[in-house]
Each structure stands twice: as structure tokens, then as C-alpha cells.
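Undergrad: Dropping a structure here in C-alpha cells format, bear with me for questions.
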Amino acid sequence: MAITATNEVWSTDITYIRLSQGFIYLVAVIDWFSRYVLSWQVSNTMDVGFCLEALEQALHQGQPLIFNTDQGSQFTSAVFTGRLERQGIQISQDGRGRALDNIFVERLWRSVKYEEVYLKSYTSVLDAVTNLNAYFSFYNHKRLHQSLNDRTPAIVHFG
């Protein structure tokens with residue numbers, strides 16, 4: 001299936017962000033066509049709650065035909081899959097150990113870490129959230145993407 005427009009396929013994943021004392025988890029929802037980060041959340045636990053918050057925030061902006069995740073327990077939980085099913089969204093899950101199935105989010109994590117996280121030493125959750133908020137705004141609205149013909153995700157997503 002060729003992705004030819006926004007809101008055809010969205011994807012989500014979780015990564016961790018190191019703090020000076022410990023770490024937090026970061027989840028993001030991204031549109032495959034535009035690479036636009038629809039929402040993101042952080043948490044100090046791996047429970048499904050922050051993933052659901054990110055999903056709800058994304059759904060306030062639109063609805064995909066297909067929602068892709070890995071097979072993590074947050075994304076296979078009845079509460080998460082049930083939320084997608086109630087919206088009539090088709091669920092697609094990656095094969096075990098197949099990181100390239102979710103390449104758009106993996107590329108996002110690489111950008112976030114190399115362009116933001118590894119350049120700074122976050123001292124607290126608030127520090128991380130403040131800096132990540134600024135980075136995602138930059139990523140969506142100012143960072144040019146070669147794969148988008150040197151346009152920003154926001155330009156592609158909103159036309």
C-alpha cells in the first residue's frame with residue numbers, strides 16, 4: 001500500500017530519555033505521510049496511561065485509517081486497542097524484533113536524540129518537557145526534511 005496522503009497511517013512508539021538522576025519514557029504519535037508529530041507525552045513509568053493520553057491528543061487532530069505500533073504491552077493492551085477499535089481504526093502491529101517496520105518513528109527518535117537530547121543534560125522532568133516541547137515545535141514547523149522535498153512536516157500535513 002502506497003501512502004499518498006495524511007491521516008492514512010499513524011504510528012507510535014516509546015523511547016527513553018536519560019535525566020541527570022534516572023530517566024523518563026517518551027511516546028509520540030506521528031503521521032507517516034507528513035512525518036508530523038501529532039502528539040507526545042512523557043512518563044516515569046511504562047504503564048499504558050501516558051500512551052493513551054498521547055493517542056487522545058492525536059485523535060483530537062484527526063483520525064487515521066491505520067494505526068501502527070510494535071507489540072509492546074502498552075499497545076497490545078485491551079484499553080489501547082479498544083480505543084482504536086471504537087473509532088473504527090484498523091490496527092497494524094509490527095513483527096517481533098522488526099524495528100524497520102516502524103521506521104518513521106525510529107527515524108524520529110534518532111532525530112530527537114541526536115539533535116536535542118544528546119546535546120543537553122536534562123536535570124529534571126520539567127527541564128526535559130520544556131526542551132522537548134521546543135524541539136517538537138522546531139521539528140514540525142521549521143526543520144526541513146529531505147524526504148519531504150525540503151519542506152516541513154507542518155507544511156505537508158496541513159497543505
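The values are calculated or read from the model by the stated rules, or taken from the named source; none is laboratory data. This is a predicted model, so every value here is computed, not measured. As a convention, Cβ positions derive from the backbone with ideal geometry for all residues, glycine included, and neighbour counts pool all protein chains shown.
Undergrad: Is at least one residue of segment 78-88 surrounded by 16 or more Cβ atoms within 10 Å (Cβ to Cβ), modelled with pLDDT of 95 or more and out of contact with any Leu (no Cβ under 9 Å at 6 or more places or on another chain)? Don't jump to the end; show me each part of the working.
TA: Within segment 78-88, the first condition is being surrounded by 16 or more Cβ atoms within 10 Å (Cβ to Cβ), and the residues that meet it are 80-81, 83-84.
Filter again for modelled with pLDDT of 95 or more, leaving 80-81, 83-84.
In the following step, the residues that additionally are out of contact with any Leu (no Cβ under 9 Å at 6 or more places or on another chain) were identified as 81.
The answer is yes; a qualifying residue exists.
Undergrad: Of all residues being free of Cβ contacts under 8 Å to residues at least 60 places away in the same chain and under 11 Å from ARG35 (Cα atoms) in segment 145-158, which is nearest to the chain's Cα centre (by Cα)? Just the residue, please.
TA: Only one residue tops the list, namely THR152.
Undergrad: Residue under question is ARG35, and the condition is that it be without any contact (Cβ under 8 Å) to a residue 40 or more places away in the chain and either in contact with an Asp or Glu (Cβ under 6 Å, 6 or more places away or on another chain) or charged (D, E, K, R) (or both); does it hold?
TA: Numbers: without any contact (Cβ under 8 Å) to a residue 40 or more places away in the chain: no; either in contact with an Asp or Glu (Cβ under 6 Å, 6 or more places away or on another chain) or charged (D, E, K, R) (or both): yes.
No; evaluated as a whole, the condition is false for this residue.
Undergrad: Could you tell me which of the residues TYR122, TYR114, TYR139 is of a type outside the set (S, T, N, Q), within 17 Å of the chain's Cα centre (by Cα) and surrounded by 15 or more Cβ atoms within 10 Å (Cβ to Cβ)? I'd like the intermediate steps shown before the answer.
TA: Working: TYR122 fails: within 17 Å of the chain's Cα centre (by Cα); TYR114 fails: surrounded by 15 or more Cβ atoms within 10 Å (Cβ to Cβ).
Of the residues listed, the single one that is of a type outside the set (S, T, N, Q), within 17 Å of the chain's Cα centre (by Cα) and surrounded by 15 or more Cβ atoms within 10 Å (Cβ to Cβ) is TYR139.
Undergrad: I'm trying to understand the selection: among the residues of segment 125-136, which are among the small types (Gly, Ala, Ser) and crowded, with 18+ Cβ neighbours inside 10 Å? I'd like the intermediate steps shown before the answer.
TA: Narrowing segment 125-136 to residues among the small types (Gly, Ala, Ser): 128, 134.
The answer is ALA128, and nothing else.
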